[in-house]
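Heads up, the thing below is written out as structure tokens.
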Amino acid sequence: MVSDKPGVQRLVQICKAKGITDVVFSPGSRNSPLVITFADDPHFNCITIPDERVAGFFAMGMALQLRRPVIICCTSGSAALNYAPAIVEAYYQNIPLLVITADRPVEKIDQGAGQTMRQKNVYANYIKVSYELTQEAESEQDLHANDRLISEAIDNCTSETDGPVHINFPLKEPLYDQVAYHDIEDLDMTKSINNELTITAEVSLKMEEEWMSYPKKLIIFGQSMPSEAIQLAVEAVADRSDIAIISETTSNINGSDVNPCIDRMITTFSEEEATACIPDLIISLGGAIVSKKIKSLFIKHKPKAHWYVSEQEQPQDTYESLTMHVQTSTLQFLRMIKKFPEHGAANYQRLWTNHHEKTSQSHDKFLDDCPWSDMLSFHHILQRIPSRSDLHLSNSSPIRYTQLFNQRDDIQYYCNRGVSGIDGCTSTAAGAGHASQNLTTIVTGDLAFMYDSNALWNQYLGGQLRIIIINNGGGGIFKIIPGPASTDQYKEFFATEQSYTAEHIAKTFYCSYQQAKDETELLKGLDWLYSTSFDKPAILEVMTMKVDNEVILGNYFEFLKTDKSG
């Protein structure tokens, strides 16, 4: 049985015809016609998560893995606003979400009716496109107009660049009346052909001429989805002496001629070395860049040119030196420059590789004598993540510490770097693990975990999810970045120092739990975490709240600068 509302029936059948299979609901009444109709069709995998903020990030994690649109659907009112953090993250990460918000009748808005607000265009600043369907459409004209909007909305999730799209659906009571299912033959669906943005031969020739005028060329890889095709294309250009490639952990790009650990490398630069390493041309590939140090370096020492390569319409002038927006895919761009003649500074690639090799040796030497700390914890954790599994990192300290360690090529890295909030990190990992069924680890901080603890409040968490909490007693990032510690408000308002643990949260949600208070307990805890089978998520909480982590991290960077053995 399905809803008796023709518009709802048609929406669900269009979603089916367009290949959507996954729907994440949050419970409510106004969206009940949609719940009834989607859930009646075995084509759809329907789940329900009570907390809309969690539901949004959970669905985003699913879409991240499935690489196709996932629907999130809620009732009317403030429920829709709780989707906002996930929608804005999906927008800046280019993750396809189809957001369907059930709404009260149009004539009830701003008239004192319960659970009403202005939902039309509610996500205006961070949505690809927003649509509102005709209320209670019954005429052939209105039904077909709605069909076209729904079809267009689904196509827009994956046209040019992926991203979230919003459909607001006003619905009148009664909401629970049902009729027998029947196939609708006259659905009015448009077709969208998603062509990659190609570079013409003429444009390629002009770019080649400009390329030849820059002796030192630096490719910077930001956040990217794992891609075998892109990895192979990188390897095809990485051994050129006139090109250096540096990458962030979340780029999922690696290789013997790709230099990771940007902060670790450039910390050791003298003024003379920095000058030698400054490129004539920066090429940005992929998405967000975590490193503040690289941004500061290239804003201070500006290159002659910066090419921003992206299929997005809006370029990003990250280094305040943008000269060209190359609107194409990473893969097409790499294949194009592979054909360009090798020309320029013969030792430029080696300059960066030397810094990577030296700091790698100094890094290992420091860790040989590193005391118990966040730094040492990450050393052991990142070594012991099982091969062929997925690693999610929360924002603030975890992603920054991880960037200091050589990237592994046998795991895949993820982090919510669209807007870099601490909200939703665990929920995203949970959704990704649910979709992929891969062993999935989230390494998170104590505040990020507690902020998103409702991620554990649903019925779809299996034993593939492992949670490692670095509990340093507050916002460790504010002990690292310059400024907060110099204020009278530091402890209460910035670091938000706290003494809570996750033990009772774990018990509430029936999760297996252990604590590690020193190096020996951490090693035992990691063996337990990865050698045991679980039916529910398992949590290992690493306690470093009595450690001066910021001092140890400062000593680490100082050691990189002064160590002469590398």
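The values are calculated or read from the model by the stated rules, or taken from the named source; none is laboratory data. Predicted, not measured: the structure shown is a model, and the values here were computed from it. Neighbour counts run over all protein chains shown; Cβ positions are idealised from the backbone, glycine included. Calculation scope for accessible area: heavy atoms of the full protein, side chains included, ligands and nucleic acids excluded. Shrake-Rupley method; radii C 1.70, N 1.55, O 1.52, S 1.80 Å.
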K524 - accessible surface, heavy atoms, 1.4 Å probe, Å² rounded to 10: 130
Simple spin-label model, 7 Å along Cα-to-Cβ: N347 to W528 in nm? 5.3
Given H placed on each backbone N at 1.01 Å, which residues far from A345 in sequence or on other chains put an amide H within less than 5 Å of it? K216
Relative contact order for the chain: what percent, with Cα pairs under 8 Å and sequence separation of 6 or more? 13
Leading residue at positive end of dipole, the chain (Cβ point charges), from S78, P6, T520: T520
Here the gain from full extension of S227 to Y500, 0.36 nm per residue of separation minus their alpha-carbon distance, amounts to 94.3 nm
Karplus 3J(HN,Hα) series, Hz, for the stretch 200-206 with 6.51 cos²θ - 1.76 cosθ + 1.60 (x for Gly, Pro): 6, 4, 5, 5, 4, 5, 5
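Helix-only mean residue ellipticity at 222 nm, the chain, DSSP H runs n ≥ 4 weighted -39,500 (n - 2.57), per residue, nearest 500. What is it?
On the way: 20 runs with 208 residues, N = 566.
Counting only the DSSP helices, I get -11000 deg cm²/dmol.
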Backbone HN-Hα couplings from phi across the stretch 237-248 [Karplus 6.51/-1.76/1.60, Hz, Gly and Pro as x]: 10, 6, 8, 6, 6, 8, 10, 10, 10, 10, 9, 9
Explain nothing, just compute: Karplus ³J(HN,Hα) = 6.51 cos²θ - 1.76 cosθ + 1.60, θ = phi - 60°, for every residue of the stretch 357-373 in order, whole Hz, x for Gly and Pro. 5, 5, 6, 4, 5, 5, 4, 5, 5, 4, 5, 4, 10, 6, x, 4, 5
Keeping all protein chains in place and using 1.4 angstrom, which order do R335, R10, R118, R148 fall into by accessible surface area, from largest down? R118, R335, R148, R10
Cα-derived Rg over Rh, computed across the stretch 1-110 with Rh taken as Kirkwood radius: 0.95
Per residue, the convex hull volume that the Cα atoms of the chain enclose (Å³): 163
The lysines whose Cα lies under 22 Å from the Cα of K5, excluding any fewer than 8 residues away in the same chain, are K16, K18, K108, K120, K172
In whole percent, how big is the carbon plus sulfur part of the accessible area of the chain, probe 1.4 Å, protein atoms only? 48
Cα→Cβ-extended label distance, 7 Å offset, between K295 and R118, nm: 3.2
For the chain, accessible area per residue (1.4 Å probe, heavy atoms of protein chains only), Å²: 41
Those lysines that a straight Cα-Cα span of less than 20 Å connects to K302, excepting residues fewer than 8 apart in one chain: K216, K217, K292, K293
Test item: Cα-centred dipole of the stretch 289-378, Lys/Arg +1 and Asp/Glu -1 on Cβ, debye: 420
Where does the stretch 173-312 land on Rg(C-alpha)/(2.2 N^0.38 Å)? 1.56
Pull up the cross-link candidates among the lysines for K564, meaning alpha carbon to alpha carbon under 20 Å and not fewer than 8 places away within one chain. K358, K365
